[in-house]
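This report concerns only the one structure given below.
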Ligand SMILES: [Zn+2]
């Protein structure tokens, strides 16, 4: 059984699908029983998506959109 620290270390690889099938199943099993790691992986995924969205907007030169995204990050969930 994976421990929380194992799941947090594997978080990015898990989201990218870069873990072995056995490790993927171990992570999924842990996520089924651990709300803390579910929250961590959900927030990690959200952070990655937000970072990618900001990068795309900045790449296109849309500074206002990037500023709106940054402002929305200051709001609590
Ligand atoms: Zn956990």
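Computed from the coordinates by the stated procedures, all read-outs in this text should not be read as laboratory data. All figures in this text were calculated on a predicted structure; none of them were measured in a lab. Here Cβ is always computed from backbone atoms with ideal geometry, including for glycine, and neighbour counts include all displayed protein chains.
A few points about this structure:
- Spin-label pair residue 35/residue 62, simplified geometry with 7 Å Cα→Cβ offset, distance in nm: 3.6 nm
- Semi-axis lengths (Å, descending) of the ellipsoid that matches the C-alpha gyration tensor of the chain: 31, 15, 7
- Full extension of the segment from residue 70 to residue 12, taken as 0.36 nm per residue of separation minus the current Cα-Cα distance, would add 18.7 nm.
- Length gained on full extension, residue 25 to residue 46: 5.4 nm, using 0.36 nm per residue less the C-alpha separation.
- Helix 63-73 and the long axis of the chain differ in direction by around 50°, with both axes built from C-alpha atoms.
- With Cα atoms, 0 to 90° folded angle of helix 4-16 axis to the chain main axis: 60 degrees
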